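To keep things clear, I will list the structure first and then write my remarks on it.
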Amino acid sequence: MQTDYDPRAIEVSAQAYWEAHRSFKAVEDPSREKFYCLSMFPYPSGRLHMGHVRNYTIGDVIARYQRLLGKNVLQPMGWDAFGLPAENAAIQHGIPPSQWTRSNIAYMKGQLKRLGFGYDWDRELATCDPDYYRWEQWLFTRLVEKGLAYRAKATVNWDPVDQTVLANEQVIEGRGWRSGALVEKREIKQWFVRITDYAQELLEALDRLDGWPEQVRTMQRNWIGRSEGVFMEFGVAGSEDRLCIYTTRPDTVMGVTYVAVAAEHPLAHRAAERDPALAAFIEECRKGSTAEAELETLEKKGHPLGLDAIHPITGEAVPIYAANFVLMGYGTGAVMAVPAHDQRDWEFAERYGLPKKAVIRSVDGSPCGIEQAAYTEKGVLFNSGPFEGLTSEQAGDAIADWLAARGKGGKTVQFRLRDWGVSRQRYWGCPIPMIRTADGGMRPETDLPVRLPEDVIVDGSGSPLTKMPEFYQLPGGETRETDTFDTFFESSWYYARYCSPDCDTAMLDERARYWLPVDQYVGGIEHAILHLLYARFFHRLMRDEGLVECDEPFTNLLTQGMVVAETWYREDAEGRRQWFNPVEVEVERDAKGRLIGGRLKSDGQPVQFGGIEKMSKSKNNGVDPQTLIERYGADTVRLYIIFAAPPDQSLEWSDEGVEGAFRFIRRLWALAVAESEAIRTVSDQPPELDEPARIARREIHSALKKALYDYERQQFNTVVSGCMTMVNALYRLESSTARVVVIREGLGIVLRLLAPIAPHVTHYLWRELGFGEDILDAGWPQLDEEALRQDSLEYVIQVNGKVRGRVTVPTAADQSMVQAAALANEQIAKFIAGKPIRKAILVPGKLLNLVV
């Protein structure tokens, strides 16, 4: 056994062993309990960052732990390979996106292997492979046939330079995130999938996801946004048109003083034909975002249509305005405005001098003026005709019944969730398998997969597919769809394909029924809404197609915290900030370790502290995992990441912490080296343990008991603490006849506890110390309750809250015995000095406080 700890040699050796023995190959075995552990797969951006490393380390720890418990574990890995970033990188480098993507995959795969993650690489997939995306194409054609997928006009964010639709988060201050061009709202034909058909099921099932963080479930509930309200029809004066309106506050309907419609509404477009100023306003609205959040803070603007709406109850005429805060894609594109009881409506009315009619007062009759702001609380109706005096709750039912009886409306349930728009006017994505027929209709492709041409140079002027007749032109005057799927489409079912990666006759086979659902899913909370919601929806589509049997894809969800680090900068004369990596800064701290300031190592001049931020390129505060691995080894990086913080909390990066993790591994290594020969010669019949050995063994099994509990609750940082406690106990163990016996047992426990966290060094030491061939098959250490038994306990004794000494008493001693022992101790007794004891407070097994 080599004397020095050489992480590079040890890790290469362990990885070679796993490769040769196919240690992580997962095979279906109905006789064994399965455990499917999955971390969200990465976008192949080129290099792993610390967020990746933390995510995958946590997942690997869980998978290896479950294997040590004896379960049949599947842990796969693949690549979320399509997407706009690849197109942008390809433009920058002048190469096809496929070439850029696949070279990144090769590099990042090497990085993942270097970290020792226990993946079944036989199941690797990339979403840009036709063997993968052919099956989502197939499922889409089935959805079209069932009426669950359809094509319709939709208002979208359009980048006129990149010639593509942008998601709301890609619009920054009204401009495209890449081109910087002013974004326009356009109405174009898009493909949709009817997720709204599953809205109620998706909502109700959240209550059964006990293994998910409540925060995530709440975010999904809010996104689905179920509300119970009333719909009603306003007439349009002088026409047969009707404005259907939905409201959750029917109690305020008698206070309507105007109606607002979206700039894209047909009424607004017709009115604009005779009103140039209105047409200009509509054109201005086209340059806004379609994001709801942005509308909340938008300056409220509008323009009258020159038309009146007819109130469904009073028959009164109220003006109709086109307004920039109403979107055609949300609800009906029209809202009733009650400025006295809605703040947004109040601000609009204030701007355009529209009346405010109060119809709700507080229950206790106290003043609720509307001069400065809207009164938005519920209360009692007044100025409300037949509904006068009703409470808001009573009025809601009464108004709904009144409208229903006259065929003008009634109660309804509405969801904030909208159908999923899955088409994108981009190149690097899965082709949508639809054909436009010669007569203008649409039919599904039957010859699948529709392959995306890969040897294509992208120039940023729209999708190359629209300029490739060889792709879109078909015989008989038919043309192929040139839109591609939203990349969420691929990431919504990849977890299932891992179960049947080589199946070429179906999307999934019987192996998926064995492995699904995923038992543990690990990923960032930034995916809490869209990815997880779409995956839950997609799973139900596959269920209803007979491909899976369960309702949910992920039983347990762990959302790991961010990796954060210090930021440092300087400002130039124009106020622009230049960010420096923390390794470039010499940090100054006071005697208590508090940060005082910092100086740049290269010039010795001060730099400004910018706070603790998520690691990012923009703040230049990232740490290169590859550099750390080369310096300390993968086990040190993994150990530090696990030890520095609980998995669900933010991890504040510390170079000193990495050094500490490295020192601990070397300390463990040194102990193993020093005791290796003696350990190998220990008799199978150990001698009777003496007192020092019993004390050390008790400390080890106490730490083991807590570590077993901590593994189950996924508090892996305290598992590492427990292992450190054990190693310290073994180092303290003095020479005795049973010393080597306890060291052998203790090291065997420590190595198995650390095996999921630092797999390479534990693999090596397990074999070298003669414990067995492969620690992966060692099983979990068993707690010996007898080792925890104590004949005596040490109590801390306080007098008036201050520690004055310690006493040792039998384990079964009651309070009176502990107190007697304390009073018999001269060191303690002098602080009592004959004073009467007014109160005695006992913390069993730990402490006695005497109050005199």
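The values are calculated or read from the model by the stated rules, or taken from the named source; none is laboratory data. Since the model is a prediction, treat every value here as computed from it, not as a measurement. We place every Cβ from the backbone using ideal geometry, glycine too, and count neighbours over all the protein chains shown.
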Of the criteria (1) under 23 Å from Ala260 (Cα atoms); (2) outside any loop (DSSP other than H, G, I, E, B), which one Ala398 fails: (1)
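Modelled with pLDDT of 95 or more, surrounded by 18 or more Cβ atoms within 10 Å (Cβ to Cβ), among the charged types (D, E, K, R) and within 15 Å of Gly255 (Cα to Cα) - does that describe any residue in the range 308-316? Even if it seems obvious, please write down each step before you answer.
Narrowing the range 308-316 to residues modelled with pLDDT of 95 or more: 308-316.
Filter once more, keeping what is surrounded by 18 or more Cβ atoms within 10 Å (Cβ to Cβ): 308-313.
Adding the requirement that they be among the charged types (D, E, K, R) leaves 308.
Restricting the remaining residues to those that are within 15 Å of Gly255 (Cα to Cα) gives none.
Looking through the range 308-316, none of the residues is modelled with pLDDT of 95 or more, surrounded by 18 or more Cβ atoms within 10 Å (Cβ to Cβ), among the charged types (D, E, K, R) and within 15 Å of Gly255 (Cα to Cα).
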Leu595 is checked against (1) free of Cβ contacts under 8 Å to residues at least 12 places away in the same chain; (2) out of contact with any Asp or Glu (no Cβ under 6 Å at 6 or more places or on another chain); (3) exposed (fewer than 14 other Cβ atoms within 10 Å of the Cβ) and fails just one. What number does that condition carry? (1)
What number of residues within the range 242-255 are in contact (Cβ under 8 Å) with a residue 24 or more places away in the chain and surrounded by fewer than 15 Cβ atoms within 10 Å (Cβ to Cβ)? 1
How about the range 615-661: which of its residues are within 20 Å of the chain's Cα centre (by Cα) and hydroxyl-bearing (Ser, Thr, Tyr)? Ser616, Ser650
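Restricting to the range 159-177, what's the tally of residues that are within 21 Å of Arg436 (Cβ to Cβ) and either crowded, with 17+ Cβ neighbours inside 10 Å or free of Cβ contacts under 8 Å to residues at least 12 places away in the same chain (or both)?
2
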How about the range 380-395: which of its residues are of a type outside the set (S, T, N, Q) and in a helix (DSSP H, G or I)? Gly385, Pro386, Phe387, Glu393, Ala395
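Return yes when Gly331 is within 36 Å of the chain's Cα centre (by Cα), closer than 24 Å to His265 by Cβ and not assigned by TED's automatic domain parsing to the domain that holds Ala90 and no when it is not.
Working: within 36 Å of the chain's Cα centre (by Cα): yes; closer than 24 Å to His265 by Cβ: yes; not assigned by TED's automatic domain parsing to the domain that holds Ala90: yes.
So Gly331 passes the test.
Residue by residue, here is whether (1) over 30 Å from Arg8 (Cβ atoms); (2) of a type in the set (A, V, I, L, M, F, W, C) holds:
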| site | (1), (2) |
| --- | --- |
| Pro692 | yes, no |
| Ile695 | yes, yes |
| Ser735 | yes, no |
| Arg767 | no, no |
| Arg789 | yes, no |
Could you tell me which numbered condition Ala813 fails, if it satisfies all but one of (1) in contact with a strand residue (DSSP E or B) (Cβ under 6 Å, 6 or more places away or on another chain); (2) closer than 17 Å to Glu794 by Cβ? (1)
What number of residues within the range 355-370 are among the aliphatic types (A, V, I, L, M) and either more than 20 Å from Arg249 (Cα to Cα) or touching a His at 6+ places or on another chain (Cβ under 6 Å) (or both)? 1
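Taking the range 103-118, which residues are out of contact with any helix residue (DSSP H, G or I) (no Cβ under 9 Å at 6 or more places or on another chain) and either under 22 Å from Arg631 (Cα atoms) or in contact (Cβ under 8 Å) with a residue 24 or more places away in the chain (or both)? Explain how you work it out, then say what you get.
Taking the range 103-118 as the starting set, the residues that turn out to be out of contact with any helix residue (DSSP H, G or I) (no Cβ under 9 Å at 6 or more places or on another chain) are 103, 105-107, 110.
Scanning the range 103-118 gives Ile105, Tyr107, Gly110.
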Count, please, the residues in the range 15-34 that happen to be surrounded by 17 or more Cβ atoms within 10 Å (Cβ to Cβ) and either touching a strand residue (DSSP E or B) at 6+ places or on another chain (Cβ under 6 Å) or among the acidic types (Asp, Glu) (or both). 2
Exclusive hit being of a type in the set (Gly, Ala, Ser) and over 20 Å from Trp223 (Cα atoms), set Ala535, Ala573: Ala573
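Residue-by-condition table, conditions (1) assigned by TED's automatic domain parsing to the domain that holds Pro647; (2) closer than 15 Å to Lys113 by Cα; (3) not β-branched (Val, Ile, Thr):
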| position | (1), (2), (3) |
| --- | --- |
| Phe35 | no, no, yes |
| Ile62 | no, no, no |
| Tyr65 | no, no, yes |
| Leu69 | no, no, yes |
| Pro76 | no, yes, yes |
Which pairs have Cβ atoms under 9 Å, sit 6 or more apart or on different chains, and link a residue in the range 671-699 that is surrounded by 16 or more Cβ atoms within 10 Å (Cβ to Cβ) to one that is modelled with pLDDT under 80 and charged (D, E, K, R)? Pro692/Glu734
Taking the range 198-211 on its own, how many of its residues are over 19 Å from the mean Cα position of the chain (by Cα) and of a type in the set (Asp, Glu)? 2
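Given the residues Ala358, Ala395, Ala400, Ala373, which is the only one that is of a type in the set (Gly, Ala, Ser) and surrounded by fewer than 13 Cβ atoms within 10 Å (Cβ to Cβ)?
Working: Ala358 fails: surrounded by fewer than 13 Cβ atoms within 10 Å (Cβ to Cβ); Ala395 fails: surrounded by fewer than 13 Cβ atoms within 10 Å (Cβ to Cβ); Ala400 fails: surrounded by fewer than 13 Cβ atoms within 10 Å (Cβ to Cβ).
Testing whether each residue is of a type in the set (Gly, Ala, Ser) and surrounded by fewer than 13 Cβ atoms within 10 Å (Cβ to Cβ) leaves just Ala373.
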Find all pairs meeting these conditions: Cβ atoms under 6 angstrom apart; at least six residues apart or on different chains; first residue within the range 208-219 and outside the structural domain of Thr555 (by TED's automatic domain parsing); second residue surrounded by fewer than 16 Cβ atoms within 10 Å (Cβ to Cβ) and at pLDDT 95 or above. none
Return the total of residues in the range 1-52 being in a loop (DSSP other than H, G, I, E, B) and small (Gly, Ala, Ser). 5
Note on Glu350: of the conditions (1) without any contact (Cβ under 8 Å) to a residue 40 or more places away in the chain; (2) closer than 18 Å to Pro250 by Cα; (3) assigned to a helix (DSSP H, G or I), unmet is (2)
In the range 178-202, residues that are within 17 Å of Phe554 (Cβ to Cβ) and surrounded by 14 or more Cβ atoms within 10 Å (Cβ to Cβ) total 2
Select from the range 130-188 the residues that are part of a loop (DSSP other than H, G, I, E, B) and either aromatic (Phe, Trp, Tyr) or in contact with a Phe, Trp or Tyr (Cβ under 8 Å, 6 or more places away or on another chain) (or both) and write down the one among them that is farthest from Asp419 (Cα to Cα). Trp177
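Among the helices (runs of 4 or more DSSP H) contained in the range 581-682, which hold 1 or more residues that are more than 22 Å from Leu753 (Cα to Cα) and outside the structural domain of Gly116 (by TED's automatic domain parsing)? If you could, list the steps in order and put the result at the bottom.
Details: elements: 625-632, 634-644, 655-680.
Where helices (runs of 4 or more DSSP H) fall fully within the range 581-682 and carry at least 1 residues being more than 22 Å from Leu753 (Cα to Cα) and outside the structural domain of Gly116 (by TED's automatic domain parsing), they are 625-632, 655-680.
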Are any residues in the range 802-829 loosely packed, with under 11 Cβ neighbours inside 10 Å and more than 54 Å from the chain's Cα centre (by Cα), and if so, which ones? Ser816, Ala824, Glu826
State whether one or more residues within the range 784-795 are surrounded by 15 or more Cβ atoms within 10 Å (Cβ to Cβ), basic (Lys, Arg) and out of contact with any strand residue (DSSP E or B) (no Cβ under 9 Å at 6 or more places or on another chain). no
In this structure, is Thr155 closer than 24 Å to Leu448 by Cα and in contact (Cβ under 8 Å) with a residue 40 or more places away in the chain? no
Does at least one position in the range 358-374 carry a residue that is of a type in the set (Asp, Glu), outside the structural domain of Phe82 (by TED's automatic domain parsing) and part of a loop (DSSP other than H, G, I, E, B)? yes
